[in-house]
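Engineer: Quick one: this structure, given as C-alpha cells, is what I'll be asking you about.
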Amino acid sequence: MTDPLTPVLTRNWRAERSWSLAAYEQAGGYRALRHALTAHPDQIIALVKDSGLRGRGGAGFPTGMKWSFIPQGPDGPGAKPKYLVVNADEGEPGTCKDIPTMMADPHSLIEGCIITCYAIRANFCAIYVRGEALHPIRRVRHAVEEAYAKGYLGKDILGSGFDLDIVVHAGAGAYICGEETALLDSLEGKRGQPRLKPPFPATSGLYASPTVVNNVETIASVPHIVAGGSEWFRSMGTEQSPGPKIYSISGHVERPGQYEAPLGITLRELLDMAGGMKDGIPLKFWTPGGSSTPLFTAEHLDVPLDFEGAAAAGSMLGTTAVQVFNETVSVPWAVMKWTEFYKHESCGKCTPCREGTYWLVQILERMVHGQGTEEDIDTMLDICDNILGRSFCALGDGATSPITSAIKYFRHEFLDLIAAQPAVARPEQLAELSGASA
Ligand SMILES: Cc1cc2nc3c(=O)[nH]c(=O)nc-3n(C[C@H](O)[C@H](O)[C@H](O)COP(=O)(O)O)c2cc1C
C-alpha cells in the first residue's frame, strides 16, 4: 500500500538531469519493459484492464478495453499493420501536465510506448506533439535517440524479437488537432478536421489501419502498472477511477503548478497543496478539467475530483486542468475570453460549431462592452442548445460549457452588466438618430 501522496508519475521530476536515460535507468527505468517482454502481449492487456486505468486525455475511456479492440488476426500477407499514436497536443486551456512530463521524464513516455506497442502488436508509434512546444519536441526526440542507441527501440528489442520504431511528429498547432481523428488526418498530412465515427480508430485509424490513440499521461502510467501490478495501482484513487493523476493548477493560487494526487482528491485539499488562494482573496469560480468542463464555485470545494465525482456535481473531470479565479474576476469577461478561443479554434467543418461560436462571441463582446440586453442571455442559451450534441465533435460541446454553467451560477453578473450600461447609444440607435436628423 503506497502513501496516497507519495508521487508515482512525478517521482523522478526533481532528479538531476531527470530527462536523461542514465537518470531514468538509475531510478529503475526500463525494468518494467524487460519484465513486460517476458509476458504474453495478451497478459499485458489483461493487466492494464485489471488496473482500471482510464484515459487521461479528457474522456476517461478504459485503456485496457481500448487496446483490446485492436483486431488480432493472423499476421500473414494482407494483414494490416497496427499503430500506436500518442496524443501530445495538450491544447485544452489550463492543461499543463503532458508538456512537463515530456520535459522532465520523457523516458517514462517512451517506455510506456514500447510496452503498449508490444501489447497491441504494433511496430510503429507516432508521438504527435503540438507544434509550438518546441522544447518538448527536442527533448522527446533526444530521448528517442538515446533509447535507440541502448537497444530499447529498433530491431529485436532486448533480444525479444520485437521490433519498434518511434517517430516524434510536430503538429502545426491547432486545438482541433487534439481531437483524435483530426489528429490522425493531420498526421497523414491532411488538414486537421475530425472524421465521422464510426469507424473508430481501433478498426480504421492511421492510414485506415487499427490504431490506438492515447494521451501522454495514460501511456506514461503503463510502466508503473507493469512494475507495481494492478492491485497496487488500484490502491490509489477510487474504485471506478483508480490511480494517481497530475492536476495542473493555475490562476489565483499562491503556488501554481503540477500537483500529483490520487484521483478523488478535492479542490480544498489541492488548494492546501498549492499554498491557498493568492493574497488570501476568496475563491469565486474554477474549472475542474479545463475550460471545456462546466464551471464550479466555492460551493464545490469538497467535490471528489474523479470521473464520477465531477460528473455527479454537474461538471466533468476533463484533463484535471484546475483554473482558479478569485473574486476580482468578472465571470462574463472570462467566459468571453474562452469563447473567443473556441471561435478561433473551431475548424469550420460543421455549421453548429462554426456559426454558433461566432454568434456567441458577438453577443458576449456586446454584453461585456455594456451593450447587452436581457434577451441576449436567452439567445446565448438557445445557441448553446443548438451546438451541444449537434456538432461534429466535442469541441462544440466544450464551447458551450463555460457559458451555460456561468449563466447557471452567475446569471446576476450578466444582469448587472446589462443594468449598469452606460448612457451611451447603441450602434443601431445611433444609426436611427442620424437617419432621423437627415
Ligand atoms: C477539441 C478536442 C481537443 C482534444 N485535445 C486533446 C489533447 O490535446 N490531448 C489528448 O490527449 N486528448 C485530447 N482530446 C481527446 C482525444 O480526442 C482522445 O479522446 C484522447 O486522446 C484519447 O486518449 P486517452 O484514452 O488516453 O484519454 C481532445 C478532444 C477534443 C474534442
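Bear in mind these aren't lab numbers, they're just calculated from the coordinates by the rules spelled out. Please read these numbers as outputs of a predicted model, since none were measured by experiment. In this analysis, Cβ positions are derived from the backbone assuming ideal geometry, glycine residues included, and neighbour counts consider all displayed protein chains.
Engineer: Reachable lysines from Lys408, Cα under 28 Å, same-chain residues fewer than 8 places away excluded?
Structural biologist: List returned: Lys278, Lys284, Lys337, Lys343.
Engineer: Separate question: Which of the lysines could be linked to Lys349 by a straight reach, that is with a Cα gap under 20 Å, when you skip same-chain ones fewer than 8 residues away?
Structural biologist: Of all the lysines, those that pass the test against Lys349 - Cα under 20 Å, at least 8 places apart if same chain - are Lys190, Lys197.
Engineer: Positive end of the dipole of the chain, charges at C-beta (+1 Lys, Arg; -1 Asp, Glu), about the Cα centre: which of Met273, Leu183, Leu301 has its Cα farthest in that direction?
Structural biologist: Looking along the dipole axis, the top candidate is Leu183.
Engineer: Please give the charge dipole size of the chain, origin at the Cα centre, charges +1 on K and R Cβ atoms and -1 on D and E Cβ atoms. Round to the nearest 20 debye.
Structural biologist: In total the dipole reaches around 1240 debye.
Engineer: For the range 244-326, just list the percent of Cα-Cα distances falling in each 10 Å bin from zero outward, please.
Structural biologist: 21, 60, 18, 0
Engineer: So for the range 21-234, averaging the separation of alpha carbon pairs under 8 Å that are six or more residues apart and normalising by length, what relative contact order in percent results?
Structural biologist: 30
Engineer: Now a separate question. Once both labels are modelled 7 Å past Cα along the beta-carbon direction, what's the Ala149-Ser20 spacing in nm?
Structural biologist: 1.1
Engineer: So, one more: Which value, to two decimals, describes the C-alpha radius of gyration of the range 67-201 once divided by 2.2 N^0.38 Å?
Structural biologist: The value comes to 1.08.
Engineer: Could I ask something else about it? Give or take rounding to whole Å, what are the principal axis extents of the alpha carbon atoms in the chain, in descending order?
Structural biologist: For the chain, the Cα extents along the three principal axes come out at 88, 50, 35 Å.
Engineer: Starting from the amide H of Lys284, placed 1.01 Å from N in the peptide plane, find each other amide H under 5 Å away whose residue is 5 or more places distant or on another chain.
Structural biologist: Phe325, Asn326, Glu327
Engineer: Once the dipole of the range 21-234 is set up with Lys and Arg at +1 and Asp and Glu at -1 on Cβ about the Cα centre, which of Gly151, Gln26, Ser204 lies farthest towards its positive end?
Structural biologist: The one lying farthest along the dipole's positive direction is Ser204.
Engineer: OK, next. Over the range 244-326, what is the mean sequence separation of C-alpha contacts under 8 Å (at least six apart), divided by residue count, expressed as relative contact order in percent? It would help to have the intermediate numbers written out before the result.
Structural biologist: Values: 179 pairs, mean separation 29.7, N = 83.
For the range 244-326, the relative contact order is 36 percent.
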